Amino acid sequence: WDNADFSRGVGTTFYQEFSTLNTPKPPFVLDVEAKVRRYLRSSYSAVWTLKITWEKAPAYAARTDTRKTVTYQAVLTTDGFRSYILMLYQDGGMQWDYSRLPSTNVLIGYT
């Protein structure tokens, strides 16, 4: 989530919240549930999901180069007991040139 730089007016960030406790689930939430079930081989029924999208985000420091952008998402979801995050990247993965970032000890994902 770090090092995206929107200071030059390139790219955007937006989010969408899905509260699905006792309500019909939209296709996006059904897809998230299917992914959790498939990857973790467990039953899962989401009651809340948050999708955050960074669209055409330039890497920090955008003041020097806004041509190389990337689109990625974080999807947080919970059934009220267990919580998961899906990190989704555009085809081809993260395209930023990490050698141009202020710090080169880059990690994609979370710990």
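Exactly one residue out of L76, L30 is without any contact (Cβ under 8 Å) to a residue 40 or more places away in the chain, of a type in the set (A, V, I, L, M) and surrounded by 15 or more Cβ atoms within 10 Å (Cβ to Cβ): that is L76. Could you please find all residues in region 11-25 being open to solvent by less than 40 Å² (accessible area, probe 1.4 Å) and either of a type outside the set (A, V, I, L, M, F, W, C) or touching a residue at least 40 places away in the same chain (Cβ under 8 Å) (or both)? Within region 11-25, G11, T20 meet the criteria. Picking from residues in region 42-54 that are at pLDDT 90 or above and not hydrophobic (A, V, I, L, M, F, W, C), the one that is surrounded by the fewest Cβ atoms within 10 Å (Cβ to Cβ) is S43.
Residue count for region 31-57, restricted to those that are more than 15 Å from Y84 (Cβ to Cβ) and either over 15 Å from the mean Cα position of the chain (by Cα) or small (G, A, S) (or both): 1. Taking the criterion of being touching a Lys or Arg at 6+ places or on another chain (Cβ under 8 Å) and in a helix (DSSP H, G or I), the only residue of region 1-31 that qualifies is F28.
The values are calculated or read from the model by the stated rules, or taken from the named source; none is laboratory data. Note that the coordinates shown come from a computational prediction; the quantities given were computed from them, not determined experimentally. FYI the Cβ positions are ideal-geometry reconstructions off the backbone, even for glycines, and counts take in every protein chain you see. For accessibility, only protein heavy atoms count, side chains too; no ligands or nucleic acids. Shrake-Rupley method; radii C 1.70, N 1.55, O 1.52, S 1.80 Å.
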